[in-house]
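Here the structure is laid out as structure tokens; the discussion comes afterwards.
The values are calculated or read from the model by the stated rules, or taken from the named source; none is laboratory data. The structure presented is a predicted model; accordingly, all values stated were derived computationally and were not measured. Methodologically, a virtual Cβ is constructed for each residue, glycine included, from the backbone with ideal geometry; neighbour enumeration extends over all protein chains shown. Each accessible area value is taken on the protein alone, full model and side chains, heavy atoms only, with ligands, DNA and RNA left out. Shrake-Rupley method; radii C 1.70, N 1.55, O 1.52, S 1.80 Å.
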Amino acid sequence: MSTTDRELRVGMVGYAFMGAAHSQAWRTVNRVYDLPARARMALICGRDAAKVADAADRLGWEAYTTDWRELIARDDIDVVDVCTPGDSHAEIALAALAAGKHVLCEKPLANTVAEAREMAAAAATARAAGVRSMCGFNYRRVPAVTMMRQLVADGRLGVIRHVRATYLQDWIVDPQFPLVWRLQRDRAGSGALGDIGAHIIDLTQFVTGRRITGVSAVTETFVKERPLPAGSSGLAATVNGAGAADGHGAVDGHGPATGTVTVDDAAVFVARLDGGALATYEASRFATGRKNALRVEINGSLGTVVFDLERLNELEFYDATRPAAEQGFTRILVTEGEHPYMSAWWPPGHIIGYEHSFTHQMRDFIEAVATGADPAPSFADALQVQLVLDAVTRSADLGSSWTEVEPALA
Ligand code: SOE
């Protein structure tokens, strides 16, 4: 357990899904890892006083506020953890960096390249004053993903020829699912592309150590109009019933008012990576039956490795250097003490889950801040992801690489 009395007093802005995942990690990290500083869950911030008070109690925060500027102005806060929708990442992170706070910002870094550039520049300036920052691409910290990167770095796959990445969900397949903030460009920046596509872009660049240098893309919005939300604005939002009087509801009693979806429901693109690999990416919220299905396969001249989030404690590995009679996909159970992050948890075979990746994220962030090292992914790494997102959107909008196929029987 931690032998240090050094504290990092954390202020977190946001308390929905990511706020809950981050809170679990802040609560757990110092109980599991012996670190040079202890995270103190000092202050949580949210716009609704009653909801943020409840969140403080449920999630384990000492105090709460409804004003993020107050949180940043306090000299008893060392770290600002940004868990809000994308349209406020830049404003909050820039203010926090300017105030000398270390910053952890959820992905994607921003809603635009311009914001991301400004954030990366501010992070570089703040770094000179000892301030550290990181973007929360948590899947890098699934032990099997870190091991995947090690296999590539150790040359076990040889020359990388293909990257094949999909991230599939289905929570908005029902056209009656309401128009929540994730479906509005001005709030979220983009749809499936920035929300889950960003993860596979970062993960594949992290694992291969290669950058995406060009893309050709298509995107689609399958359901273009949706009922306005009445209840929660998150993944569990509800539609206001006909005739309800709460202002979001029915217009003269003929069902709920509707709004236009302004983001992609799905994005598919091909890409080249520096070093010559060809890659395919698919991010969709309309993959019926797929709940949170992230899968990455990397083919190299000497072998293949496959990661599947639904079996996040495992890797599939094909070693083409083995004698022909012994070749085949083997399953590596990534739960040994020698495997990344695992020594702090349970004996071999006792598997971990999605939430552990956030604890690993906080472990690495605390250690970097406490020792003055540079956390990864940096805001510059996250800007690189933002540039890919922007290129995919521009490619899809231009349609320049699209060749129509005529019907055989006109
Ligand atoms: C919703 O699509 C979401 O919560 C993403 O925003 C998260 O980054 C991902 O980890 C799970 O799905």
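Residue separation of Ser343 and Phe222 scaled by 0.36 nm, minus their Cα-Cα distance, works out to 39.0 nm of gained length. About the centre of its Cα atoms, the chain shows a dipole size close to 580 debye [charges on the beta carbon of Lys, Arg (+1) and Asp, Glu (-1) only; nearest 20 debye].
In sequence order, the stretch 374-389 has phi-based couplings of 9, x, 10, x, 6, 5, 5, 4, 6, 5, 4, 5, 4, 5, 5, 4 Hz under the Karplus curve 6.51 cos²θ - 1.76 cosθ + 1.60, θ = phi - 60°, and Gly or Pro positions carry x.
Per-residue ellipticity at 222 nm for the chain, helices alone: DSSP H runs ≥ 4 residues times -39500 (n - 2.57), over residue total, nearest 500 deg cm²/dmol? Per the formula, -9500 deg cm²/dmol. Contact order, relative form, for the chain: 20 percent (alpha carbon pairs under 8 Å, 6 or more residues apart, mean separation divided by residue count). For the stretch 7-138, the dipole from Cβ point charges (+1 on Lys and Arg, -1 on Asp and Glu) about the Cα centre works out to 320 debye, to the nearest 20. Between amide H atoms placed 1.01 Å from N, distances below 5 Å from Leu302 occur with Gly158, Val159, all of them 5 or more places distant or on a separate chain.
Couplings for the stretch 93-103, taken from phi via the Karplus curve 6.51 cos²θ - 1.76 cosθ + 1.60 with θ = phi - 60°, read 5, 5, 5, 5, 4, 5, 8, x, 8, 5, 10 Hz in order; Gly and Pro are left as x. Between the residues Ala121, Ala53, Ala98, the greatest Cα displacement towards the positive end of the dipole of the stretch 7-138, with unit charges on the Cβ of Lys, Arg, Asp and Glu, is found for Ala121.
Separation of the stretch 366-410 and the stretch 277-337, taken as the distance between their Cα centroids, equals 22 angstrom.
Identify, among Gln184, Met134, Ala266, the residue whose Cα sits farthest towards the positive end of the charge dipole of the chain, taking +1 on the Cβ of Lys and Arg and -1 on the Cβ of Asp and Glu, with the dipole about the Cα centre. So the residue we want is Met134. Proximity of backbone amide H atoms, modeled 1.01 Å from N, is registered between Tyr64 and Ile44 at under 5 Å, excluding neighbours fewer than 5 places apart on the same chain. Across the stretch 177-192, computed HN-Hα scalar couplings (Karplus, 6.51 cos²θ - 1.76 cosθ + 1.60, θ = phi - 60°) run 4, x, 7, 7, 4, 5, 9, 10, 4, 5, 8, 9, x, 7, x, 4 Hz from first to last residue, x flagging Gly and Pro. Within the chain, antiparallel bridges make up roughly 60 percent of the DSSP beta bridges whose residues both belong there. Report the FRET efficiency, 1/(1 + (r/R0)^6), for Val270 and Gln176, where r is their Cβ-Cβ distance and R0 is 25 Å, rounded to 0.05. In this case the efficiency is close to 0.15.
Element breakdown for the stretch 314-358 at a 1.4 angstrom probe: carbon and sulfur atoms account for 55% of the accessible area. Within the shell of other residues whose beta carbon sits under 13 angstrom from the beta carbon of Thr330, the net charge comes to -1, with Lys and Arg scored +1 and Asp and Glu -1. Counting charges near Met134 (Lys, Arg +1; Asp, Glu -1) among other residues having Cβ under 15 Å from its Cβ returns a value of -1.
A cut-off under 13 angstrom between Cβ atoms defines the neighbours of Arg272, and their net charge, with Lys, Arg +1 and Asp, Glu -1, is +2. Could you point to the residue in Gly19, Thr393, Val152 farthest towards the positive end of the chain's charge dipole, with +1 and -1 charges on the Cβ of Lys/Arg and Asp/Glu respectively? Working it through, the farthest residue towards the positive pole turns out to be Val152. The residues of the chain expose, per residue, 44 Å² of accessible area to a 1.4 Å probe.
The listed peptides 331-340, 15-24, ordered by packing as a protection proxy, come out as 15-24, 331-340 (highest mean of other Cβ atoms within 10 Å first). Can you give me the % of accessible surface on the stretch 7-138 that is carbon or sulfur? Probe 1.4 Å, all protein chains present, nothing else counted. In the stretch 7-138, the share of accessible area belonging to carbon and sulfur is 49 percent.
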